[in-house]
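Here's the structure we're looking at; comments come further down.
The values are calculated or read from the model by the stated rules, or taken from the named source; none is laboratory data. The structure displayed is predicted, hence computed values, not measured ones. When we count neighbours, we look across all protein chains shown, and the Cβ atoms used for this are built from the backbone with ideal geometry, even at glycine. Heads up: the accessible areas ignore ligands, DNA and RNA and are worked out on the full protein's heavy atoms, side chains in. Shrake-Rupley method; radii C 1.70, N 1.55, O 1.52, S 1.80 Å.
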Amino acid sequence: RGAAGQRVFSLPSKLRQHFMVVECKQRLLALCAFLRQRAVPSSRECKVIVFVSCVAEVKFLQHILARAVLPSQWIEADGDRACDPDDSDDEGAGPGGDGPHHLLNLPVLSLHGDMVQGERTKTFFAFTAARRAVLVCTDVAARGLDFPRVDWIVQYDAPTDVEEYVHRCGRTARMTTEGDALLLLMPHEDKYLHTLGSHGLRLSLLPPDSLRMVAKQGGGGKSRDRGEGLENYLALQRWAEDVVATCPTAGDLAMDAYTAFIRAYSTHSKENKKIFHPKALHLGHVAASFGLREAPKKIKMAQRRRHSDKDAAHKARFHRDKGKRKGEGGDG
C-alpha cells in the first residue's frame, strides 16, 4: 500500500496508459475521430475495446459507429476512403463494412449483460478471431474474458472505481504483448487523475487537437485556416445529429442512452462522488454527446410519451390476445 494507505496497483510494463480531456458535447466526435485514426489504413491491425457505463450506450454507439460515414469535407480534405474497394477479404463485411466512404472499415460488435448467452458466445468468438474490429461493451467484458491481440482499450465512460479501471486496462498488453489504454475525461473530471495517481497509476496526455488531423485540409494536408479546419472536424458531429433527428431507431437509441448515462453517472463509488456528481453535468451538452439537438426538458417529455405509448400498445396486445384465447375456448 502507498503512504496514505491507498492500495497501489501494478499493471503490465508494456501497457501504455493515456488520457484525453474532451468537452462533453464533443465526446462522440472525439471517439469517432480516434477510432478513425486507428482504423486507417486498412492494412493495419486494429482491435479496440470501448468500455461504457450502461447497456443503452452500447446499443447506441454500436448503431452509430457501424453506420458512420465520412463527411464530404473529410473525403475532400483527406483524399482517402475508409474502405479499400480492391480488398476482397471479408473482414469489412457486416457492421461497419464495405461501403466506399464508411468512417470505419471494420466490424463493430457489441457485448452487454442483456444479451443471451448464445449471443455473447458468438460475439466473443467473432472478436477473438478478427484481425480488425471494434467491440463496444459494458464491464461484463472487463473480467474473465481473454481476448488476444487487443491493441487499444478506450474507457469512453470513466469506471465507477479504480479497481474497475485496472480490470478494463487488463484486456490489453496480456502475456508479453504491448498495448495502449485511453481514458476519456470531461474537463470537470480531470481530478480523477489524482485519484489514479494515488493508487500508483500514471497516465500520459494525448492532446485532443491531434484528432483534428482526420479532417485535415486539402493541398497536401496543410491547414490554410484554423477555423475552417475546425468546421471540417465538426462536420461528423452534424452528421450524427442529422441521423439521430431523421432515423427513428437512432433517435430512440440516443434518448435511451442519454437517460441511462445520467442515471449511471450517480453510481460512482464514494471515493469519486465529488468528481463524478450528476450536478456537474451540463445536460444540454450531454444530449449533444448523443447527437440530440433537443433541450433536456423536451427529451424527457419525449421519453415519457414513448414509454406511455409502449405501455398502451402492450395493454392493447394483452387484451387482444386474451379475447382471442377466450374465443378459441368457446369454439371448443
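Miscellaneous remarks
- If you plug the beta carbon distance of GLN6 and ARG174 into 1/(1 + (r/R0)^6) with R0 = 30 Å, you get a FRET efficiency near 0.70.
- Close amide-amide hydrogen proximity is noted between VAL50 and LEU135, VAL136, CYS137, VAL154, each under 5 Å apart and 5 or more residues distant or on a separate chain (H modeled in the peptide plane; Pro and chain starts excluded).
- Distance between the modelled labels on HIS101 and LYS270, one decimal in nanometres: 5.5 nm (7 Å Cα→Cβ projection).
- Given LYS191/LYS270; LYS270/LYS300; LYS274/LYS298; LYS14/LYS274; LYS25/LYS191; LYS273/LYS297, the pairs whose alpha carbons are separated by over 23 Å: LYS270/LYS300; LYS274/LYS298; LYS14/LYS274; LYS273/LYS297
- Under a 5 Å amide H cut-off, with hydrogens placed 1.01 Å from N, HIS102 pairs with LEU70, ALA82, CYS83 among residues at least 5 apart or on other chains.
- Sorting ARG306, ARG16 by solvent-accessible area of protein heavy atoms yields ARG16, ARG306, largest first, with a 1.4 Å probe.
- Solvent-accessible surface (1.4 Å probe) assigned to ARG305 amounts to roughly 130 Å².
- Rough spin-label spacing in nm, given labels placed 7 Å along Cα→Cβ, for MET213 and GLN117: 4.6 nm
- Rough spin-label spacing in nm, given labels placed 7 Å along Cα→Cβ, for HIS277 and GLN303: 2.1 nm
- At the residue level, TRP239 shows approximately 50 square angstrom of accessible surface with a 1.4 angstrom probe and all protein chains present.
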